[in-house]
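Right, one structure below, let's go through it.
The values are calculated or read from the model by the stated rules, or taken from the named source; none is laboratory data. None of these values were measured; they are calculated from a predicted model. Cβ placement follows ideal geometry from the backbone for every residue including glycine, while neighbour counts extend to all protein chains displayed. Heavy atoms of the whole protein, side chains included, go into the accessibility calculation; ligands, DNA and RNA do not. Shrake-Rupley method; radii C 1.70, N 1.55, O 1.52, S 1.80 Å.
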Amino acid sequence: MYTFKDFGISAKNSTLSNGVPVLLLQKTGMPIRIEIRFASGSRFDPPDKVGLSHFVEHMIVAGSKKFPSKDKLAIHIEQLGGIFGASTSADDMSIKVEVVGKEDFKEGVSLLREMLTKSLFDNKTVETEKGSIFKEIGDKVSNPSRYIWDLYPELFYQGTDAGKSNLGSLKSVKEISKRDLLDFYENMLVSGRAAIVISGDIKLDDVINQLESGLPLRNSEKYHFEKELPVIRGKSVLIRNYPKQNQVHLLLGFRTTGIKDTDVVPLDILSNIFGGGRASVLTKRLRYEKGLVYGVNTLSHNLSNAGTWTVKTSTSKDNLQEVVDIITKEFKRIATGGVTEEELKFAKNNITKSSRRRMQTSGAWVSRHIKNVLVENPVQFPDYLNAVVSTEKSDLSRVGKKYFLPNSWYLAMCGDVDKKSVVVNY
């Protein structure tokens, strides 16, 4: 049985006076990563203001009263050898700060306070960041390998609040006002939507004392994610045409389940077997044996109350049908319980043994736990590894039959293609 002690980690939970849960993953000698995550991602954007949460993320790191520009924020933390950043996903928005040691932890908390309670929303900065987002959208649209990930939520989560683009469109971002930004900032970055994970060489008492005095979040009722999102398949194929672009980028896969479901582990194992690395099944079939692709990977991705299992690759237009046929052949093997004991043993070893290599930084420990800390009774990493070890071939067969159903797939493509360019024989 794996425990935190196997990794030199001491895990301690606490709760701030405002109700914010705190998880400390303490390890001697490690730098300190602080990350606060809010249940305030793109799924909460108003339908006519898609991109609002991402825009607020930009504003948070654009300057504060004490540090009135992004470079001054950067100078303050980087002179201590630290870093800061923010990101937005469908479920949540995260703000992180990393410092070298406990002597600088107070400064890290102070920087979070500046960003979360004293950010500037002056007209000039709002327009500057709006222009930056326009360029960000332009960069994504012009790059089919990146834009495929904008088609992904629109297709797989169609008809639900998780189907929105993180960035938004030029039109929707243009409509976002300063008042919209301030309303989101004041009403969504609040205690009832927050959770904090910290990893590094620091004691829990020091953490709690600094957070209580240095990070006064606005109070709110506890937010709970709703039940599982419905699976809607009004359209099964979504294409963004890139004229004269011979390379076709594609995502082919299925809807699955939310992050707390016990099916997550066998789905992750299947992802490891079929597209988890150089030794994976699809890398062997598509690249080593056929030379049809340069790279291929699979991703089992879980939101709070929904999930997907996808294959991502690219190939020439002439080889598209053959690539899709090879992928769907493996889908059939998964659905009919055809994964072998040898493949399962390999994946178990790969996942558990590589964890010792991957989990060597504060950032790795925080990232592993922050993704599910907003749901009730989150799964901690040793428990996840123990679930991997106890998974049997029958578990893979069960989830294969449950999720890899014929005529339940979704296909997103970017390239010079249309719906007649390929047939999904599954």
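Quick notes on this one:
- Checking each residue of the range 281-295 against the condition of being part of a loop (DSSP other than H, G, I, E, B), surrounded by fewer than 23 Cβ atoms within 10 Å (Cβ to Cβ) and within 19 Å of the chain's Cα centre (by Cα) gives no match.
- Options S236, S220; residue that is touching a Gly at 6+ places or on another chain (Cβ under 6 Å) and among the polar types (S, T, N, Q): S220
- Residue selected from the range 188-206 under the condition assigned to a helix (DSSP H, G or I) and under 23 Å from the mean Cα position of the chain (by Cα), by the criterion farthest from P378 (Cα to Cα): M188
- Positions within the range 70-88 being open to solvent by 40 Å² or more (accessible area, probe 1.4 Å) and of a type outside the set (D, E), in sequence order: K70, K72, I75, Q79, L80, G81, I83, F84, S87
- Leading residue by the ranking (farthest from the chain's Cα centre (by Cα)) among those in the range 152-182 that are without any contact (Cβ under 8 Å) to a residue 40 or more places away in the chain and open to solvent by 60 Å² or more (accessible area, probe 1.4 Å): R179
- Enumeration of residues in the range 314-328 that are out of contact with any Lys or Arg (no Cβ under 9 Å at 6 or more places or on another chain) and either more than 19 Å from S408 (Cβ to Cβ) or assigned to a strand (DSSP E or B) (or both): S314, T315, S316, K317, D318, L320, Q321
- Single unsatisfied condition, F67 versus (1) open to solvent by 30 Å² or more (accessible area, probe 1.4 Å); (2) of a type outside the set (V, I, T); (3) more than 27 Å from the chain's Cα centre (by Cα): (1)
- Positions within the range 296-336 being more than 24 Å from the chain's Cα centre (by Cα) and among the polar types (S, T, N, Q), in sequence order: T315, S316, N319, Q321, T328, T336
- Meets criteria (of a type in the set (A, V, I, L, M) and surrounded by 20 or more Cβ atoms within 10 Å (Cβ to Cβ)) for M1: no
Yes/no matrix, rows are residues, columns are (1) outside any strand (DSSP E or B); (2) more than 29 Å from R193 (Cβ to Cβ); (3) touching a Leu at 6+ places or on another chain (Cβ under 7 Å); (4) polar (S, T, N, Q):
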site: S220; (1), (2), (3), (4): yes, no, no, yes
site: K227; (1), (2), (3), (4): yes, no, no, no
site: P230; (1), (2), (3), (4): yes, no, no, no
site: L250; (1), (2), (3), (4): no, yes, yes, no
site: T257; (1), (2), (3), (4): yes, no, no, yes
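- Count of residues meeting criterion [charged (D, E, K, R) and touching an Asp or Glu at 6+ places or on another chain (Cβ under 9 Å)] in the range 288-340: 2
- Test for M30: is it in contact with a strand residue (DSSP E or B) (Cβ under 7 Å, 6 or more places away or on another chain), among the hydrophobic types (A, V, I, L, M, F, W, C), on the phi < 0 side of the Ramachandran plot and assigned to a loop (DSSP other than H, G, I, E, B): yes
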